[in-house]
Every structure is written in structure tokens, then in C-alpha cells.
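Working notes, structure below.
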Amino acid sequence: MQQATTDRVEKTQLQAVSSHRRGDIQGLRAVAVLMVLVFHAGLPLPGGFVGVDVFFVISGFVITAMLAREWAATRRIRFGEFYLKRFLRLTPALAAMVATTVVVSAFVLSPLGPQQTTAATAAGSLLLAANWVISATTGGYFDTSAGANPLLNTWSLSVEEQFYVVFPAILALGWILGRRHRRLRYVAVIVVSAVAFVSFFLAMYGPNPEFFGADEWLVGFYSPLSRAWEFAVGALLALALTRFRVSSPAAATAVGFGGVAMLLASLWFINESTTFPGKWTLVPVVGAMCLLLAGSYQSNPVTRALSTRPMVKLGDWSYSIYLWHWPFIVFATILFPGSTTAMVIACLLSLIPAIASYYWIEAPFRRARLLPVRHLVPLVAATLIIPLGLTACFGIAVSNGYWNQQIVSLQTNIDPIVGTPGCFTDNRANLMNPRDCLLNATGAGEPVYLAGDSNALMFTAGLLAASEEAKRPFTSYTFSSCPLVGVVATWRKTGAVYRPGCDEYQKETLAWLEDAEAGTVVLGSADYYLRDPVLGIKVNGTQAKGYAAKTQAYTAGLRQTIQTLQTAGHEVVVVLPIPNFRLESDEASAEAWRGPQSCMNLAFFIDSCAKDMQTSLSVVSDRQAAIWAEITRVAEETGSRVLDLSADICPDGQCAVTRDEVQIYADYNHISTQESRILAPEFAAVLGAAGR
């Protein structure tokens, strides 16, 4: 009798989570998608990307409320029906966008990297794995390469779908245990709370070498493990509302305006330099939770504003808008590079296919679950087979260079700038012992050591060839965005380290070189740390800002590093930064870099790709000559050798991305592996002069 009474009470409470479609939730979806659109359109709201986190909270809340109502009514969860609903809700619209994007990409994107990345992401997005594919092929969300992937936005859909795969079973298990054992009636809340705690802990400390030092794909920006807590927060709120809700308009209004304030703060104070996900993710997540909580008491101004007809309608369209806006922006930036106006117009134009997709694909497919199984199965199969088939054809065509000689030649001659795994990385936890990074063990002469950032790494092929010729052992040990000059690049605004783990790499590398056999240490470094206005330089805990202060700190650190190495018995060769096609944050010169990876596929067929891929060395010198002079002065004053490769990379005063169908520049400030090999005689000459 008592158990029956308890069941009735719990049933009433679970049904009370939400027995109707809440307009304010659709309005909150509208807010979330507008945040994302503003950010992606290049408008000055740096935290707009947190709109995705708002979506995650909404999803956790809505799915839990839906499952709670089903459990209350039937005491079971029909998993098959749940997954079918999710499939029909998400996949058909996604499939249409992916298929269209793949077709357009075949004409607009370059077949020298961007198309391959898009093909892989397309397949991943349809197979619930876009987040991992993007992490492996595109890199960080704010990396330059991310802006060239028209399917970058699908990462969040895969995270959401991965959540849907696991979470219903967790809830069902909690409810089953709670029903069988009265003392465990809150087990669902306990389990979801545990998921939230573990996930948040991983988001905060997972990548930290002091704790796990896990890889980015496992606990980083794109990982479901570091994002699950955001869904769980929404789920916990839905479960809490079975027993508690806001009981007065004053409280609901206060909570609602608190949520609005948090979302506004997220837009202004969170940016790409903020560690994300992490503690700052709490701001938009708690803000979204406050707005959902306020909506449990409808009579408050915030909820009424979110429930207005325009906001509800925009919320209805939000999924399709999210799908379509990003491909439009990417294609617009290719056609009209550097134009914010073009990006805004692209956002507006994307509303046309988005709204059409909602009415012609998304809404009809939601009703398709009512069809007989014999009609439903082929419909579901076609939804996947058609876009996957197009993606496969796209992948085959690009892998064969579209059977175009120029494309095939460039694809053959382009090697990525890579190092031995663990001997070049952007994560200190992945660094190997430098003694295991020996590339030419057969040499009997004095060893050669290469250290620094990726601008040192790019010399690996040439130095390896030169050291083999000189019969000298060669070790390459480098760390992304971390020059071995005793200073660490930082985000100027926040003071946060630009590449976490850099300071440790510098200390450990210097300690290793001090103990290593005396030889020749080759130092290479980019110089954008000095020229980029968004970056600072930290030395001995103090941050230098501005070109003059940063240059002084950099050269002082370089001098100290050279002297430390010389004291250990090494000779030092300093390679000057190579001529750069553009400044890191200089909009005016952003288009000086036009590599083959920037050319539309059509350009290769009308032979127009190479025309814009060159710049004058004198133009480059105007930007970099002062830095070259400072580095040269320090090297000469310390008795080190200087290697200036500018005339070799840019013969006859002309810097070209390609020459004789060989790519010289891998990107605006790195040479290709082929060019590095071509420079082997220059490295051999300097090693011969430095060797004792």
C-alpha cells in the first residue's frame, strides 16, 4: 500500500517536470543560436561561441524531462523509440546540409588539404564522430585551419548525439534502482550528479600535466567527457523541478535577470584565450540554468520575452540555422577574404536554406515515425546512404587529384610539417625523452641538436640531410609555439600562457643540452610573438607588452640561452625567422598569403591559382628587418653563427609559394619539407663552419 502511494506521488512529480511545450525554451534556443551567429560572423562579441554550451544545457533539460514523463506514465523507457525520434529529429536535416556542402566544396575548396578534411568531417558527422575527426584533422576550434572547414560546426552535434546514446540508460538504471529500493529513490539524481562532477573535473584538470595530461581529443574542447557536465546540469534541473520550482514572480524575475546577466557577461568577458571548457564555462551554463528555472514560473518578464512569437519561431528554426550558417560563412570568406560584411551577408543568406530545411525536411521527418516499418526502414537508410555515397565519391575524386596533372603533382610534393611523434608536440605530456629523438644515430662526429618551436621543426629535413652528409648525429626536439629563448608567449589581455607547457619544455631542454655531449645547437624561432599585438611575452614572471618591450625581453632571453649553451661547451647557430607572407593579426596584409590550399578547386582547371601566390622580399623586409637586425646583433655579440635563408627562399627578391610545381611555403610562416631538403647545402655549410 505504501509502495503504491509512493509510486503515485513520484508519478505525479515526474509528470510535473513539463507537461507542455514551453515557449521560453524555444526562445532560449533562439538566444543561443544568435550568440553563435554573431561570433561566427566576426562581429565584436568574442564570447558568442558559448551559445553551444547553452544548447547543451537545454538538451540535457529537455531530454530528461521527456524521459521522466515517459517513465512516470509507463514505468519504462522505450529505447528504440527514443533513438528513432532523435535520429529523425537530427539526422535528415544534417544529411541534407552535409550533402549540399560536399557538392559545393568540390568546386570551392582547395584539393590540397581542405577538401580532404571536409570529406573526413562529412563522414564523421553522419557517423556520430565529427568531434573526434575534427580534433584529429582540423585542430583547435580557434586555429586558423578551423576556419576553412565548412563542417566545423558539426562537432557539437556529435557530442550531443554521443550524450543521447548513453544518458537514457543511466537515467533508467537510476529510476529502476530507486523504485526497487526505497532508500535509493534518489539514485538517479546521485548518478547524474556524479557524472557532472567527474566530467567537470576532467574539463578543469584533464589536460593539466600535473593531473592526467590527457590528449586534447580525450578531454579537450571537442570531448564529450569534458562536456557531459553541461548536459548533466540541465538534467539535474529537470529532476529538481519534479519536487521544487520557483514559487513567486519576484523570485522568478530575479533568477531570470540573473541568467540574462550571466549570458551577457559571457559574450563580453569570455574569448578565445579563455581556457575552455573550464571554470569560465560555468558562467553561460549557470546562466542558461537560471533562465530555464525562471521559466518554471511563467509570470515573469524574462520568460514572457523569451516566449514571444518571434523568439519562439526563431527557436523552432534554430537547429537548421545552426546547421547552415557556418558553411555559408566559410564559402563567403573564400570568395571574399577578409570581409566581415560578406560574413554577415552569408549569415543572412543562410536563413533561406535553413528555413526551407525546417519546413521541408525537419518538420516532416518528425512525423515520419508514425509511418509503417516497411516505409520507415528504407527512409532511414536513404537518409544515410545518399550523403555517405556523395562523400565517398568526393573523397575518391580528391584523392586522385581529380585526375588533373597540376593537382596530382602538388599533392605528391606537399608533405606536412611533422616531427617524430613525441619529439614535436603542442602538449608537454606527449613529449618523449630527447635522447629518444635521435634521427641519425650512425654519425660519429660531433652531434647536432635542433630546438625551438615549429619554425625550428621545419628545418628538420634539411638538417637531417646535412648531418648525414657530415656524418654527425642529429636530434630534433621541438615544441609548438615555444622558442628556446627563455621567454614564454602569453595572451596579452589575460596574461595566460599562449602554449601551456612551454616553460617546462624550455627548462627541461636546456637541462638536457647542458648534460649532453658538446656539439652544435641550432635554434629556430618564429617572430610573430613580437609582432602580434594580441600576444605578450613573459619573462621571470613579468609580462612585456608592446613591440619594443617584447623585443627587448626576447633578445635578452636569447642572449642568456646562447650563453648557457656555450658554457656547456656547445657552438650555437641561430637561424633568422624566414620571410613571412603576412603578420599574424594584420588584416591589411592577410591576403599576402595565397597558398595552393587557399585556391578554389576551379582555379586549378583554369590555371589561375599561381598568379596570386607571390610577394616581394622588399615588402617582407619592411616588416621584419628590424627583428632580423636585433637577433643578428645578439648572435654576433655572443660569438654565435647566424644563418639567413631569406635570399635562398626568395631568390631574385621574389617570395613565391610554389616554384617548378614544388611548394616552397607550407603556410604563411613555414617552409615545406621539400624546401627544407632543398636548403640542405646551406645547412651543411653552416654546420661545416661550426663543427670543430
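Values as computed for the structure displayed
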item: Proportion of all alpha-carbon pairs of the chain beyond 40 Å (%); result: 39
item: Mean Cβ neighbour count within 10 Å, used as a protection proxy, ranking 280-290, 614-624 highest first; result: 280-290, 614-624
item: Helix axis angle, 282-294 relative to the chain longest principal axis, alpha carbon, degrees; result: 10
item: Signed unit charges on C-beta, dipole axis of the chain, positive-most listed residue Leu126, Leu687, Ala382; result: Ala382
item: Projected-area mean, segment 267-409, by convex hull of Cα positions, square nanometres; result: 14.8
item: The chain - charge dipole about Cα centre, Lys and Arg +1 at Cβ, Asp and Glu -1, debye rounded to 20; result: 4540
item: Top positive-direction residue, dipole computed over segment 244-401 with Cβ charges, set Ile396, Gly338, Tyr322; result: Tyr322
item: For peptides 102-114, 374-386, 511-523, sequence by mean Cβ density within 10 Å, most packed first; result: 102-114, 511-523, 374-386
item: Cβ-based charge dipole, the chain, positive-most Cα from Phe55, Ile355, Ile77; result: Ile77
item: Protection proxy ranking, peptides 158-171, 432-445, 568-581, average beta carbon neighbours within 10 Å, highest first; result: 568-581, 158-171, 432-445
item: About the Cα centre, charge dipole magnitude for segment 2-398 (Lys/Arg +1, Asp/Glu -1 at Cβ), debye; result: 1980
item: Fewest-first sequence of Arg86, Arg472, Arg21 by Cβ atoms within 10 Å of each Cβ; result: Arg21, Arg86, Arg472
item: Relative compactness, segment 328-393, computed as alpha-carbon Rg over 2.2 N^0.38 Å; result: 1.57
item: Per the chain, cysteines lacking a partner by the 4.7 Å Cβ criterion; result: Cys290, Cys347, Cys393
item: Cα-centre dipole for segment 593-688 with unit charges at Cβ (Lys and Arg positive, Asp and Glu negative), debye to 20; result: 140
item: Gyration tensor (Cα) of segment 2-398, equivalent ellipsoid semi-axes in angstrom; result: 34, 24, 22
item: Theoretical ellipticity at 222 nm over the chain - DSSP helices of four or more residues, -39500 (n - 2.57) apiece, nearest 500; result: -18500 deg cm²/dmol
item: Antiparallel bridges, percent of DSSP beta bridges restricted to the chain (to nearest 5); result: 45
item: Residue pairs, from the table Lys279/Lys493; Lys279/Lys545; Lys507/Lys538, whose Cα atoms sit over 21 Å apart; result: Lys279/Lys545
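Values quoted throughout were computed directly from the atomic coordinates according to the rules given, and no laboratory measurement underlies them. None of these values were measured; they are calculated from a predicted model. When we count neighbours, we look across all protein chains shown, and the Cβ atoms used for this are built from the backbone with ideal geometry, even at glycine.
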